[in-house]
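The values are calculated or read from the model by the stated rules, or taken from the named source; none is laboratory data. Because the structure is predicted, anything quoted here is derived from the model rather than measured. In this analysis, Cβ positions are derived from the backbone assuming ideal geometry, glycine residues included, and neighbour counts consider all displayed protein chains. Note: areas computed on protein heavy atoms with side chains; ligands, DNA, RNA excluded. Shrake-Rupley method; radii C 1.70, N 1.55, O 1.52, S 1.80 Å.
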Amino acid sequence: DGVRPLRPSDVMILLRSPGVVLHHYIRALGEEGIPWNAEGGEDFFATTEVNVALSILQIVDNPRQDVPLISVLRSPLFGFTADRLAEVRSAAPTGDYYDAVTADGGEDCKDFLAILSDLRQAGRDMSVHRLVWHIYNRLNVLGVFGAMDDGAARRENLIALSQHAEKFESNGYRGLFAFVTQLRRLL
């Protein structure tokens with residue numbers, strides 16, 4: 001007869017954009033007790049570029065979040081050094097970090113606040129998917145991360161994040177806060 005029962009090792013699931021959906025597959029397989037092995041790189045949400053993009057979305061939604069704010073300032077998009085961040089904080093040691101940035105008189109802080117204000121204004125009138133692309137274009141996110149090591153993969157991760165936003169909205173969800181909350185839950 002020569003036919004044996006199917007084994008999990010006989011099955012392979014190929015994903016076009018594993019960064020977006022891999023965690024769903026892993027969770028579903030695990031819930032069913034199906035052994036699995038995932039290959040294809042690091043966790044989507046652990047990548048620098050996705051973390052920075054998520055931090056930008058968080059502070060566009062609410063700039064009074066110290067960790068995402070400092071993450072964005074320190075990122076290659078704005079390039080604040082650790083010394084500069086400490087200088088900003090030392091001038092305004094109380095309150096949240098956003099208060100310190102607004103109190104600072106430096107051109108770098110003023111430029112950042114102007115950009116953040118523009119993004120927050122745009123975020124009021126745009127879908128999340130359009131806002132993600134507006135941020136990418138306004139800050140040259142794809143260009144900056146694309147110029148780094150593994151630039152093509154980094155660009156693909158950022159595009160996957162925008163596709164996630166599009167899927168989020170196609171499922172009937174709306175709003176930046178809801179999207180950021182969903183991403184935090186996935187983390």
Measure of exposure for GLU107: accessible area at 1.4 Å probe, Å² rounded to 10, is 120 Å²
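How would you rank 129-137, 146-154, highest first, on the average number of other Cβ atoms within 10 Å across their residues? It would help to have the intermediate numbers written out before the result.
Working: 129-137: 18.9, 146-154: 13.7.
Packing proxy ranking, top to bottom: 129-137, 146-154.
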Evaluate E = 1/(1 + (r/R0)^6) for THR94 and ALA114, where r is the Cβ-Cβ distance and R0 equals 35 Å; express this FRET efficiency to the nearest 0.05.
0.90
Using alpha-carbon pairs under 8 Å, 6+ residues apart, how would you state the relative contact order of the chain in percent?
21 percent
Carbon plus sulfur, as percent of the 1.4 Å-probe accessible area of the chain, comes to 51 percent
Compute the separation of the alpha-carbon centres of segment 164-187 and segment 40-106 and state it in Å as a whole number.
22 Å
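Return the calculated 222 nm mean residue ellipticity for the chain, to the nearest 500 deg cm²/dmol, obtained by summing -39500 (n - 2.57) across DSSP H runs with n ≥ 4 and dividing by the residue count.
-20500 deg cm²/dmol
Take each complete run of DSSP H in the chain, measure how far its Cα atoms stretch along the helix's own axis, and keep only those covering 27 Å or more with mean Kyte-Doolittle hydropathy at least -1.0; list them.
Details: long enough: 107-125 (28 Å, -0.54); 151-170 (28 Å, -0.68).
Those that pass (Cα extent of 27 Å or more, hydropathy at least -1.0) are 107-125, 151-170.
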Please express the shape of the chain as an equivalent ellipsoid: the semi-axes are the square roots of 5 times the eigenvalues of the C-alpha gyration tensor, given largest first in whole angstrom.
38, 17, 15
